[in-house]
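*Asks:* Here you go, one structure.
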Amino acid sequence: MCPSYRATGEENASTRGRARMLQEMVRGEAVRDGWRSTEVKDALDLCLSCKACSSDCPVGVDMATYKAEFLHQHYKGRLRPRSHYSLGWLPRTSALAGYAARPINALLRGPVGKLLARLGGVTTKRRIPAFASRRALRKALRAAKTAEPAKAVLFVDSFTRAFRPEVAGAASRVLADAGIACAPRDGLCCGLTWVSTGQLNVARKIMARTVAALDGDDRPIIVAEPSCAAALKRDVPELLGTEAAQRVASRVQTFTGALTDLADQDWSPPPLPENVVLQTHCHEYATFKGRRPADLLRRLGVRGVDEAEGCCGLAGNFGFEAEHYETSMAVADLALKPRIDHLDGRTVVADGFSCATQIDHLADGRDIRALHLAELLDPAADQTGETS
Ligand code: SF4
């Protein structure tokens, strides 16, 4: 279950080992310095916050939530690791980068990019994903508008907005094709990157703003990025504890969930490939049980769905942090990398931006690109061809 344990084989990198350390911290006997404990911080360090334990552990330990709370308390009033600023605030910086995407991308591809990565505590072994321009976003949002009355809200999350706005366009076309016309909602954020870096005060402020903007409607909220869907579904009501947050969370659907529950009975997608390799985002796996991309793909006629079990290893900020690169790649070795190395022409599907980024890294220059399910099902594209 726990990817860091499976990758390292070390007890202190397991859910049980971490839970034991937290228990000791609460007891205050073996661990005496409470939230300031470096032993507990070290025990939590290799936790990818994948949430697998929250769904697969028989006693429901939710280590990702405990880690967020620990980091929040541990760094209260203190300087944080640099990656907490560079990656935790990514929704803000990436929104600004969209105004000058081309020169910024060109700059980041060169030595300046490596220098900035080092300064931000980010590994230089990965390529920094290219920012999409505001123009590309505007084009995608225009494409996402339909003439029909909207039955749902398409939440344009920070990752889709900043790095692959074309997914929002594809998602809206697929949903309209399936009888779920959507109104795109841009400019909001679920707060996930502040949660995973334990900046919970900021996360709460951002979440409260988002809840206020989305409440007062009863239409489903469909989120193309599964990690943002999971944050809206689970983290937002847990951290805000308000009825409005509960109301909003109850309307949240993943892209897969929307097609599973809301699509017209007679909807049929365009021709699909016979075989795909699928990486399900670990937060989607843990939070939206019973609404699995693999089940949907099979129902839609894909015969061979080869699913890479567990986390891709990138897990949001984790695999970008310089000190976690090796563990991130060791986790990828467990299930995803062997599939990418033996694709045999199969299409790769991954809805999570992290997963798609990890796949791009594993492709190592080969012509392999993971498609979001929306791109696979897009009536405006023919996906029967091979992607690699
Ligand atoms: S969140 Fe994931 S990595 Fe962390 S303890 Fe749970 S299963 Fe392990």
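*Asks:* Taking the conditions exactly as written (open to solvent by less than 10 Å² (accessible area, probe 1.4 Å) and closer than 29 Å to Val305 by Cβ), does Pro220 satisfy them or not?
*Replies:* So Pro220 does not fit the description; no.
*Asks:* Now a separate question. Which of the residues spanning the range 142-171 are of a type in the set (Val, Ile, Thr) and surrounded by fewer than 24 Cβ atoms within 10 Å (Cβ to Cβ)?
*Replies:* Hits for the range 142-171 are Thr146, Val153.
*Asks:* Could you please let me know if Asn105 is open to solvent by 90 Å² or more (accessible area, probe 1.4 Å) and either within 21 Å of Val202 (Cα to Cα) or part of a helix (DSSP H, G or I) (or both)?
*Replies:* Criteria not met by Asn105.
*Asks:* Restricting attention to the range 98-115, report how many residues are over 21 Å from the mean Cα position of the chain (by Cα) and touching a residue at least 24 places away in the same chain (Cβ under 8 Å). Even if it seems obvious, please write down each step before you answer.
*Replies:* Filtering the range 98-115 for residues over 21 Å from the mean Cα position of the chain (by Cα) gives 99-115.
Checking which are touching a residue at least 24 places away in the same chain (Cβ under 8 Å) leaves us with 99, 101-102, 104-105.
Selection size over the range 98-115: 5.
*Asks:* Just need a number here: residues in the range 172-203 that are open to solvent by 30 Å² or more (accessible area, probe 1.4 Å) and assigned to a loop (DSSP other than H, G, I, E, B).
*Replies:* 2
*Asks:* Still on this structure, I have one more. Can you pull out the residues in the range 38-54 that are farther than 16 Å from Arg6 by Cβ, open to solvent by less than 30 Å² (accessible area, probe 1.4 Å) and within 12 Å of the ligand (Cβ to nearest atom)? Don't jump to the end; show me each part of the working.
*Replies:* First, the residues of the range 38-54 that are farther than 16 Å from Arg6 by Cβ: 38-45, 54.
If we keep only those that are open to solvent by less than 30 Å² (accessible area, probe 1.4 Å) as well, we get 40, 43-44, 54.
Passing the criteria: Ala43, Leu44, Ser54.
*Asks:* Another question, if that's okay. For a quick check of your reading: which helices (runs of 4 or more DSSP H) sit entirely within the range 325-386 and have at least 1 residues that are open to solvent by 10 Å² or more (accessible area, probe 1.4 Å) and among the aromatic types (Phe, Trp, Tyr)?
*Replies:* The qualifying helices (runs of 4 or more DSSP H) are 325-341, 353-363.
*Asks:* Right, here's the next one. Which number in (1) more than 25 Å from Ala286 (Cα to Cα); (2) open to solvent by 40 Å² or more (accessible area, probe 1.4 Å); (3) not basic (Lys, Arg) marks the one condition that Glu69 misses?
*Replies:* For Glu69, the failing item is (1).
*Asks:* Anything in the range 74-90 that is over 21 Å from the mean Cα position of the chain (by Cα) and either near the ligand (Cβ under 8 Å from one of its atoms) or touching a residue at least 60 places away in the same chain (Cβ under 8 Å) (or both)? List them, or say none.
*Replies:* Within the range 74-90, His74, Tyr75, Arg80, Pro81 qualify.
*Asks:* Would you call Arg138 surrounded by fewer than 20 Cβ atoms within 10 Å (Cβ to Cβ), at pLDDT below 95 and away from the ligand (no atom under 16 Å from the Cβ)?
*Replies:* yes
*Asks:* Quick check, is Gly352 assigned by TED's automatic domain parsing to the domain that holds Asn317 and either at pLDDT below 95 or more than 15 Å from Glu274 (Cβ to Cβ) (or both)? Talk me through it step by step, then tell me what you get.
*Replies:* Working: assigned by TED's automatic domain parsing to the domain that holds Asn317: yes; either at pLDDT below 95 or more than 15 Å from Glu274 (Cβ to Cβ) (or both): yes.
Yes; evaluated as a whole, the condition is true for this residue.
*Asks:* Hey, another quick one. Name the single residue, out of those in the range 287-302 being open to solvent by less than 10 Å² (accessible area, probe 1.4 Å) and touching a helix residue (DSSP H, G or I) at 6+ places or on another chain (Cβ under 6 Å), that is farthest from Phe353 (Cα to Cα).
*Replies:* Leu296
The values are calculated or read from the model by the stated rules, or taken from the named source; none is laboratory data. In this text the structure is predicted, and so the values were computed from the model without any measurement. Cβ sites come from the backbone with ideal geometry, for glycine too, and all protein chains shown count toward neighbours. Keep in mind that these areas ignore ligands, DNA and RNA; they rest on the heavy atoms of the full protein, side chains included. Shrake-Rupley method; radii C 1.70, N 1.55, O 1.52, S 1.80 Å.
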